[in-house]
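Quick notes on the structure that follows.
The values are calculated or read from the model by the stated rules, or taken from the named source; none is laboratory data. Bear in mind that the values here come from a model prediction, so they are computed numbers and not experimental data. A quick note on method: Cβ atoms are made from the backbone with ideal geometry, for glycine too, and the neighbour counts reach across all protein chains shown.
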Amino acid sequence: MCGRMTFTINLSELAGVFPWLIVPDVQVAPRYNVAPTQPVPVVANDGQQRLDFFTWGLIPSWAKDPRMGSRMINARAETVAEKPAYRAAYRRRRCLVLADGFYEWRKEPGSGGKTPMYIRLESREPFALAGLWERWQSPHGDEILSCTIITTTPNSLLAPIHDRMPVILPSNTYDEWLDPGEKQPPALDHLLKPYPPGEMETYAVTPLVNSPTNDSPECITPA
């Protein structure tokens, strides 16, 4: 799964990696420990090519309780086209979730403990995760825009750490993923694959990241 991430880059620097992106003129503090139910940077397939912030944890439009989203932070690539919570969004409401790193916890044989591992691109540039988004409205008219991150089987770098990894989309697939038109699942399934391990790196970090209340550069400091 993907349950924590980082977004530490200054918004003004995004143009170097996403030159087509419209970035709002706002101040956003660096995030070193983004957790589910918090806002994450998103580019929705609404044709606007604009950076926005959605709640992490997809709330289906038919949900009676928005707290359902806390259980919908990840969607498995193998079943995303079939699950009621995701299948309509997979066809019509796709998005990029921007990050510059994420965490997984490696089980330590014999000790029963887990070591937090930080994972990023070797280039240390921000990247885009394949996501889905939804618009939920309460009976009183309140609106929540939410998203989930699609996961797949791990590449050879991450396999010793966890049995899942988020789908990182290569830049030449952004247009296809963000197409506002409805797409049938077979047209998209080829994008949901592990990212090349040679372009990534990982290292152990301190247990500080275990608590979502800790959100500082120390979270990504090598252990």
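A few points about this structure:
- Which listed residue, of E108, E134, E201, E218, is of a type outside the set (V, I, T), modelled with pLDDT under 95 and more than 21 Å from L21 (Cβ to Cβ): E108
- Condition check for T37: among the β-branched types (V, I, T) and buried (at least 17 other Cβ atoms within 10 Å of the Cβ): no
- If you check A75, A29 for being of a type outside the set (V, I, T) and surrounded by 13 or more Cβ atoms within 10 Å (Cβ to Cβ), only one passes: A75.
- Subset of the range 86-107 (residues that are in contact with a strand residue (DSSP E or B) (Cβ under 8 Å, 6 or more places away or on another chain) and farther than 22 Å from P197 by Cα): Y86, A89, Y90, R93, R94, C95
- The range 140-160 residues that are in contact (Cβ under 8 Å) with a residue 40 or more places away in the chain and under 23 Å from L188 (Cα atoms), paired with ones that are of a type in the set (D, E) and not in a strand (DSSP E or B) (beta carbon under 9 Å, 6 or more apart): T152/E78; T153/E78; T153/D163; P154/D163
Listed here are the residues, each with its yes/no results for (1) under 22 Å from T8 (Cα atoms); (2) among the charged types (D, E, K, R); (3) in contact with a Leu (Cβ under 8 Å, 6 or more places away or on another chain).
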{"position": "A77", "(1), (2), (3)": "no, no, yes"}
{"position": "K83", "(1), (2), (3)": "no, yes, no"}
{"position": "R92", "(1), (2), (3)": "no, yes, no"}
{"position": "G112", "(1), (2), (3)": "no, no, no"}
{"position": "I119", "(1), (2), (3)": "yes, no, yes"}
{"position": "A130", "(1), (2), (3)": "yes, no, yes"}
{"position": "R135", "(1), (2), (3)": "no, yes, yes"}
{"position": "G141", "(1), (2), (3)": "no, no, no"}
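- Some residue of the range 57-66 being assigned to a strand (DSSP E or B), under 12 Å from the mean Cα position of the chain (by Cα) and buried (at least 21 other Cβ atoms within 10 Å of the Cβ): no
This table checks each residue for (1) touching a Ser or Thr at 6+ places or on another chain (Cβ under 8 Å); (2) modelled with pLDDT under 95.
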residue	(1), (2)
S61	no, yes
K64	no, yes
G69	yes, yes
A75	yes, no
T79	no, no
Y86	yes, no
R92	no, no
L96	no, no
D100	yes, no
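- Test: residue in the range 177-195 that is touching a His at 6+ places or on another chain (Cβ under 9 Å) and of a type outside the set (D, E, K, R): no
- Within the range 37-75, the residues that satisfy the criterion of being of a type in the set (A, V, I, L, M, F, W, C) and touching a Pro at 6+ places or on another chain (Cβ under 8 Å) are L51, F53, F54, W56, I59, M68, M72, I73.
- Among (1) within 14 Å of the chain's Cα centre (by Cα); (2) under 23 Å from R50 (Cβ atoms); (3) surrounded by fewer than 18 Cβ atoms within 10 Å (Cβ to Cβ) - the single one R91 does not satisfy: (1)
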